[in-house]
Each structure stands twice: as structure tokens, then as C-alpha cells.
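Structure, as C-alpha cells:
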């Protein structure tokens, strides 16, 4: 019995150590995604990973999800940070909360679209259409999935469009609802989705789906119905190619500046 008890305690200690190490890795990973300093902006309190801008990450059951902190939680966060010297007492959330949340969602989406950097997966970001007109639009992310590599297979390919929404206010803004693909999705925190899911259904009648963060990828909480696409495959591919080329040139300029 003493041996079993000792083994049980040893196992519990090992599991606690694993959870602590995993927590440290999670904090480091969240910091890396958001561009935070490891010692300042992400901290653990009561089993949750709080961000300095008023959001927290729940990583229970092997998943990561973003939630907006309640007023009482914000007060607790301020007191805790004041005690640790992070912020003076009374300071509110960072004004860059929306930008940081967008960056986190972008990281999730990019990993979801191509987790292994496979060159056979065709994606592009900030894809602009109708560039030389007064009604140009820009899709946050697009993916093209050909049926096969033949000419007919490419023509029968499917386009996916993704628009990132970091908050309810962001969703209600007039920009960033450019759903021109065969399948179209929002990417947003689950907390935001819960507040606006009825609006999405009423506005799009099921033709727009939703992904939310799950671990470091995404999970679908609302599937999109296929939409009759108006733009040709040639136009869609050309705009994706042009956007990808733009990003390549940006990287070259950065590399040239470092030389």
C-alpha cells in the first residue's frame, strides 16, 4: 500500500511538473505570436493565460481559445499586475488590443491553411480585386484547391475566402466582408462568435461559415454552404498570384535592407 501511495504521489508530482512546463511553453508561444516580451505581457493567474490587453486564453483539454475578460476579471488583472510591477494601479487594457488579437488570429489561420509549408497548397493574403476602380476590395486570405493538375481540374478548382474579425465592433464595420469565393469564412474569437452568430445567419443565410482558434490552429463552428461564384478562375488566380508576388517583393526589400 505504501508503495502504491508513493507511486501515486510521484505520478501526481510528474503531472504537475508537466503542466507547469507546458504552461511556460504556452506563455512563450503566445508571446511569440503577439510580439510580446516573455516577462511582461502574458501571465498565468488561476489556471488562465491573461494577455495585457484584456483578453485571456483558455488552454484546457488540449485547446486554446480566446475570451474577452469581464470587468471583474480586468480589475483582478490590474491588481495582480500592479503587485508584480507590470502596470501602475488603475491602468486599463492596452489600446492595441484589437491589433494584437488580429495578429493572433492571423497566426492561427496561416498555420491552419498550411501547417507543413507544403508548396502544393496555394494560398495568398490581402488579395485585391478591381484594383483600378473606386470599388476595389481586398480579401484577407484566400486558398485555391484544384480538383487535379490538369487544365480541366484547375478550371474545376474551388476557392476559399477568409476574413478576420477581432471583435464585435470589427464585425460591424463596413469593411472586410468580401466573400467572393466558392466557400467563405470568418475567423474570430469564439467569444465574439457567440455574440453575433445569429447576425451571421440572418445576413448570409448559411453561405458564410466561421472558424475559431483551437490550440494553434482553427476549428469550424459553423460550416459554409457553397456559393455560386461570379468571378472567373483565371481572374481569381491572377489576383492571388499578384498578391503573392507583392509579398515576395516585400521580403526581398527587407533582405536587401539587412545586407
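Coordinate-derived values only; no laboratory data. Owing to the predicted nature of the structure, the values given are computational and were not obtained by experimental measurement. Virtual Cβ from ideal backbone geometry, glycine too; neighbours counted across all protein chains shown.
Remark: spin-label model distance residue 198-residue 133 equals 3.6 nm, labels positioned 7 Å along the Cα→Cβ axis.
A convex hull fitted around the alpha carbon atoms of the range 126-254 yields 148 Å³ per residue. Peptides 207-216, 130-139, 184-193 ranked from most to least packed by the mean count of surrounding Cβ atoms within 10 Å: 184-193, 207-216, 130-139. Protection proxy ranking, highest mean first, for peptides 107-114, 142-149: 107-114, 142-149, where packing is the per-residue count of other beta-carbon atoms within 10 Å, averaged. With the cut-off at under 17 Å, measuring from each backbone N in the range 111-131 to a point 7 Å along the Cα-to-Cβ line of residue 215 picks out 111-117. When a/c reaches 1.5 or more, the comparison of a/b and b/c decides; with that in mind, is the range 132-171 rounded, prolate or oblate per its Cα gyration tensor? Since a/c reaches 1.5 but b/c is at least a/b, the shape of the range 132-171 is classed as oblate.
Here the extension length gained between residue 250 and residue 229 equals 4.5 nm, from 0.36 nm per residue of separation less the Cα-Cα distance.
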